[in-house]
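As structure tokens, the structure follows; a few thoughts come after it.
The values are calculated or read from the model by the stated rules, or taken from the named source; none is laboratory data. Please read these numbers as outputs of a predicted model, since none were measured by experiment. Cβ: placed from backbone, ideal geometry, glycine included. Neighbour counts: every protein chain shown.
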Amino acid sequence: MTRQHRIHTLVSNVRGPDRVLHLAGAPVARIVPLSVGEAGNTTVNFVALSYAGTLTVSIVADPDQVPDLAVLTDALRARLAALVTSTLR
């Protein structure tokens, strides 16, 4: 990947456990997936993780290449909300 210059977006989907895990006897309420691409190689990384009936998506972006990250994040949030709404009908 260090010589790959054509990739600009990376999407990963990680299937997590379907039940709540415990750490030192306490339930783990939330897990946030993170992915860090190599500098200068990947513009945006999206990682989706399902955990105990929830889906969490994180975005890591190069601020020099994605100055409108808030717009991208809002668009993703709106699309996911629309998917949830359509599945509840």
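Filtering segment 54-76 to residues that are at pLDDT below 90 and part of a loop (DSSP other than H, G, I, E, B) leaves 62, 63, 64, 65, 66. Right, residue 41: at pLDDT below 80, more than 16 Å from residue 76 (Cβ to Cβ) and surrounded by 12 or more Cβ atoms within 10 Å (Cβ to Cβ) or not? Judged against the criteria, residue 41 is a match.
Residue 55 falls short on exactly one of the conditions (1) more than 15 Å from residue 12 (Cα to Cα); (2) under 11 Å from the mean Cα position of the chain (by Cα); (3) not polar (S, T, N, Q), and that condition is (1).
Note on segment 19-38: residues that are out of contact with any strand residue (DSSP E or B) (no Cβ under 8 Å at 6 or more places or on another chain) and at pLDDT 85 or above total 8.
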